[in-house]
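Have a look at the structure below, then the notes.
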Amino acid sequence: QMRHAWNAFKANGHWYLLEITWAAGFMDLDRQMFIRQHSDFYWLTPPIEYIDGHYPEEQSWQLLAKPLSGEEFVQRVFPTTRFYELNIKLVDLYEQVEDGTDGDAKVRLLPPDNVALVTKLLRNDRQMASSYTFICRKTKMATIFVKTYDPGNYVLKIYGKDMNDKNSKYDHVITYLIKSSKASTISSFPFFWSEWGMPGHHLYSPVQGLLCIGKYYNFRVYIANATQVLMVMGKTQHKLEKEQEGEFMWVADNIQVEQCNEVKIAAVYDKGAKGLLRFEVEDKKKIKLIKKTQKKGVRS
């Protein structure tokens, strides 16, 4: 438990909360030092957001219609100040997230349209490859999918950036603990560029990041406001077609992966063309050989 004090004052018959310490900066836990950085968030902070980081000794000072118990407070996720400055809203309130039947876990947030998100996944304090996380934002909701290669605990760090501010950078906004009981059924996700982390993007298939040469796939992707969507496979280009006119589901069915190193998905918008997704390509014979050696306990 951390002992800390903050303030409440009454004006025009209403109680308000303020936090002059955190309004002046924050504690960098990695460097064990206080960083001076002014923030208006902790002046007259809404109680429903204040409770994410402050639990008073007397529940009445939560200023909530339904106060949280101490147990509920401890289990909740702890957003950073930047989380609120970017106007991101919580959907999944608890810090610990468990995986599903397929071994994948997911975390949901509600960022505004101008905020882009990126992630970092760690196991035993070591950063894992970016292909273990994937973001979809078809609607206002941002869903972050997480794959795990082994049962255990993983740390998911999420970073946000205001795309309307040219001087903005990706800042840490929130951290979740992923508790995995099994390995994911698919080894990795496709690589995605920053544009994919903006609203109006969702991948339906294929969801695996590694495609096999000679195998057939149905490509189905939702890309809002695109005038054209292309799949580039080596020297070959395929145009994805709209499933229904007036909607943004783009499809290319029964596509055979040819001899190449990667498959890319790109979209053309009014503002220009943007690369979105990249799939790695591997020969089926080599994949079978790798799996065979892994079963024998041989590391390639």
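For the pairs Lys182/Lys215; Lys120/Lys169; Lys169/Lys264, note any where the Cα-Cα span goes beyond 18 Å. Spell out each step's value before the answer.
Numbers: Lys182/Lys215 27 Å; Lys120/Lys169 15 Å; Lys169/Lys264 26 Å.
Violating the 18 Å limit, Cα to Cα: Lys182/Lys215; Lys169/Lys264.
Can you give the accessible area per residue of the stretch 140-272, in Å², using a 1.4 Å probe? Intermediate results must be reported in sequence, preceding the final value.
Numbers: 6660 Å² over 133 residues.
Ligands and nucleic acids excluded, the result is 50 Å² per residue.
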Relative to the compact-globule estimate 2.2 N^0.38 Å (N residues), the Cα gyration radius of the chain stands at a ratio of 1.18
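For the stretch 67-220, what is the Kirkwood hydrodynamic radius in Å, using each pair of distinct C-alpha atoms? Walk me through the intermediate numbers first.
Numbers: mean 1/r = 0.0613 Å⁻¹.
That comes to 16.3 Å for the stretch 67-220.
As a test of the formula, what do you get for the chain when each DSSP H run with n ≥ 4 contributes -39,500 (n - 2.57) and the sum is divided by the residue count, at 222 nm and rounded to the nearest 500 deg cm²/dmol? Present the calculation step by step, with values, prior to reporting the outcome.
Working: 5 runs with 32 residues, N = 300.
Taking each H run of at least 4 residues, the total per residue is -2500 deg cm²/dmol.
Per residue, how large is the accessible surface of the stretch 1-74? Use a 1.4 angstrom probe and give square angstrom.
On the way: 5460 Å² over 74 residues.
For the stretch 1-74, the per-residue accessible area is 74 Å².
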Lys and Arg at +1, Asp and Glu at -1: neighbours of Ile51 with Cβ under 13 Å from its Cβ sum to -2
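Give me the percent of the accessible area of the chain that comes from carbon and sulfur atoms, probe 1.4 Å, all protein chains in place. Intermediate results must be reported in sequence, preceding the final value.
Details: 8860 of 17660 Å².
Ligands and nucleic acids excluded, carbon and sulfur reach 50 percent.
Report the net charge of residues surrounding Met128, where surrounding means a beta-carbon distance below 10 angstrom and charges are Lys +1, Arg +1, Asp -1, Glu -1. Walk me through the numbers before you get to the answer.
Values: positive: Lys120, Arg123, Arg126, Lys147; negative: none.
Combined, the nearby Lys, Arg, Asp and Glu give +4.
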Each label sits 7 Å from Cα toward the beta-carbon; between Asp283 and Asn167 the label points are separated, in nm, by 5.4 nm
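Rg/Rh for the stretch 99-167: what does it come to with C-alpha atoms and Rh from Kirkwood? Mind showing how you got there, number by number?
Values: Rg = 13.2 Å, Rh = 13.1 Å.
In the stretch 99-167, Rg relative to Rh is 1.01.
The values are calculated or read from the model by the stated rules, or taken from the named source; none is laboratory data. Because the structure is predicted, anything quoted here is derived from the model rather than measured. Glycine gets a Cβ as well: all are built from the backbone with ideal geometry, and neighbour counts include every protein chain shown. In case anyone asks, the SASA skips ligands and DNA or RNA and just uses the protein heavy atoms, side chains included. Shrake-Rupley method; radii C 1.70, N 1.55, O 1.52, S 1.80 Å.
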